[in-house]
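Colleague: Okay, here's the structure, questions in a sec.
What follows draws every value from the coordinates through simple rules; no lab data is involved. Because the structure is predicted, anything quoted here is derived from the model rather than measured. Neighbour counts are summed over all protein chains in view; Cβ atoms, including those assigned to glycine, are modelled from backbone coordinates with ideal geometry.
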């Protein structure tokens, strides 16, 4: 939520009227966005491994493996984006990893909901 409070700086054609290329200067709210998003991304990566351990102990080996794979894939994609590259070879896998992490979150939530019911 904090990353949403702080507005990202327009760059690389992202944002209406944004120039092509990287932002020349990163504003304080751009820094806030990057810091908050980094904390959130690191937390969700850690959650993948914590949940994987829980699922493994609960005998849900398939979901545990899926959680670990998702965590590693998102970590790799996040590391690529933090390199500062705006290459499509870096950005597109990151978008795919964001989709994968939200899919993982939905699957785990449904599993836990069904188990609690």
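Colleague: Find how much the distance from residue 117 to residue 7 grows on full extension, using 0.36 nm per residue of separation minus their present alpha carbon separation; answer in nm with one decimal.
Modeller: Contour length minus the Cα-Cα distance gives 35.7 nm.
Colleague: Quick one: if you stick a label point 7 Å off each Cα along the C-beta vector at residue 82 and residue 39, how many nm between them?
Modeller: 1.5 nm
Colleague: Still on this structure, I have one more. Tell me the label-point distance for the pair residue 92, residue 46, using the 7 Å Cα-to-Cβ offset, in nm and rounded to one decimal.
Modeller: Modelled inter-label distance: 3.4 nm.
Colleague: Which whole-number percentage describes the relative contact order of the stretch 2-116, with Cα contacts under 8 Å and a sequence gap of 6 or more?
Modeller: Relative CO of the stretch 2-116 lands at 17 percent.
Colleague: Among 77, 64, 89, which one moves the most in a GNM of the chain with springs linking Cα atoms closer than 10 Å?
Modeller: 89
Colleague: Divide by every residue of the chain the summed helix terms, -39500 (n - 2.57) for each DSSP H run of at least 4, and state the resulting mean residue ellipticity at 222 nm, rounded to the nearest 500 deg cm²/dmol.
Modeller: -25000 deg cm²/dmol
Colleague: Sticking with this structure for a sec: Would you mind telling me which residue in 50, 72, 24 has the biggest mean-square fluctuation in a Gaussian network model of the chain, where springs connect alpha carbons within a distance under 10 angstrom?
Modeller: Looking only at 50, 72, 24, the biggest GNM fluctuation is shown by 24.
Colleague: From a point 7 Å beyond the Cα of residue 53 in the direction of its Cβ, which residues of the stretch 95-117 have a backbone N at a distance under 17 Å?
Modeller: none
Colleague: In what sequence do 75, 112 fall when counting other Cβ within 10 Å, fewest first?
Modeller: Result, fewest neighbours first: 112, 75.
Colleague: Which entry is the computed mean projected area of the Cα convex hull in nm² for this structure: [x] 7.5; [y] 7.9; [z] 8.3?
Modeller: It is the one labelled [z].
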